[in-house]
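Working notes, beginning with the structure itself.
Any read-out appearing in this document is the output of simple, stated calculations on the displayed coordinates, not a laboratory observation. All of these numbers come straight from a predicted model, not from anything done at the bench. Glycine also receives a Cβ, built like all others from the backbone with ideal geometry; neighbour counts cover every protein chain displayed.
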Amino acid sequence: MAHDAVVLAAGGSRRLGRAKQLLTAGGEALVARVVRRVLATRPSRTLVILGAHEHAIAAVLEPYEVELLSNPAWEAGIASSLHVAARALHGRDHPVLLTVVDQPALETHHFANLLAAHDGSTDTVSAYGDALGVPAVLRAWTLARAEGLTGDTGFRRLWSEATPRAVRADELADDLDNEADVARAIAAGQLDALPR
């Protein structure tokens, strides 16, 4: 399926106290790992939205054919990165594979499953526990509505208005918000041990 892709990598990792985008798994930075897996789905365009730690993350992504877009308002929350993506993809009608970089269990098959399930009638989202979230495949119409979002509000509010198609992926419920999350991921073999 023809699609575009957006990787949200602008966050400041305040609760963690270090750039989660640059944590490593198998020696590979998480942001590079996610980008590599996104590119395996063969998107027409791949945008990576940067903000905090921009130069360090950009350096890690030099080998990849992606569009690096700066979000100078990244401290305002995730909605500001969605605004950047929506403006960059304005006028395109492809569905958009949207993902973050802090789900250590995320694999290429999660993207493939979402794309295979997406029929264009509604958004297709990941379901874990009682939540609906990313990664997701958004209709272009949904991404265009990002300008109405503020702060740390993502598309979940829109999904409460129009029921999306859900693809179960309970393993994606664990993300990397704090040191306890990182320790758990290291113990599970999903992350490399942190340097002392």
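Selection of the stretch 142-182 for residues being more than 18 Å from the chain's Cα centre (by Cα) and of a type in the set (Gly, Ala, Ser) yields Gly148, Ser160, Ala162, Ala180. Among the residues that make up the stretch 8-23, is at least one of them of a type in the set (S, T, N, Q), surrounded by fewer than 23 Cβ atoms within 10 Å (Cβ to Cβ), out of contact with any strand residue (DSSP E or B) (no Cβ under 7 Å at 6 or more places or on another chain) and more than 18 Å from Ser70 (Cβ to Cβ)? There is no residue in the stretch 8-23 that is of a type in the set (S, T, N, Q), surrounded by fewer than 23 Cβ atoms within 10 Å (Cβ to Cβ), out of contact with any strand residue (DSSP E or B) (no Cβ under 7 Å at 6 or more places or on another chain) and more than 18 Å from Ser70 (Cβ to Cβ).
Looking at Asp93, Asp102, Asp170, which one is closer than 28 Å to Leu16 by Cα and surrounded by fewer than 21 Cβ atoms within 10 Å (Cβ to Cβ)?
On the way: Asp93 fails: closer than 28 Å to Leu16 by Cα; Asp102 fails: surrounded by fewer than 21 Cβ atoms within 10 Å (Cβ to Cβ).
Exactly one of Asp93, Asp102, Asp170 is closer than 28 Å to Leu16 by Cα and surrounded by fewer than 21 Cβ atoms within 10 Å (Cβ to Cβ), namely Asp170.
Scoring Glu65 on the criteria (1) of a type outside the set (Lys, Arg); (2) more than 24 Å from Leu158 (Cβ to Cβ); (3) in contact (Cβ under 8 Å) with a residue 40 or more places away in the chain leaves a single failure, condition (3). Counting the residues of the stretch 27-64 that are part of a strand (DSSP E or B) and of a type in the set (Phe, Trp, Tyr) gives 0. Among the conditions (1) more than 17 Å from Ala2 (Cα to Cα); (2) of a type in the set (Val, Ile, Thr); (3) surrounded by fewer than 23 Cβ atoms within 10 Å (Cβ to Cβ), the only one that Val125 does not satisfy is (3).
Kindly indicate which of Ala117, Ala146 is small (Gly, Ala, Ser) and more than 25 Å from Arg33 (Cα to Cα). Please lay out each step first, then the result.
Numbers: Ala117 fails: more than 25 Å from Arg33 (Cα to Cα).
Exactly one residue qualifies, and that residue is Ala146.
When the residues of the stretch 98-114 are filtered to those that are β-branched (Val, Ile, Thr) and part of a strand (DSSP E or B), which remaining residue is farthest from Gly12 (Cα to Cα)? In this case the residue turns out to be Thr99. Scanning the stretch 76-97 for residues that are farther than 13 Å from Leu50 by Cβ and outside any loop (DSSP other than H, G, I, E, B) returns Ala76, Ile78, Ala79, Leu82, His83, Ala86, Arg87, Val96, Leu97.
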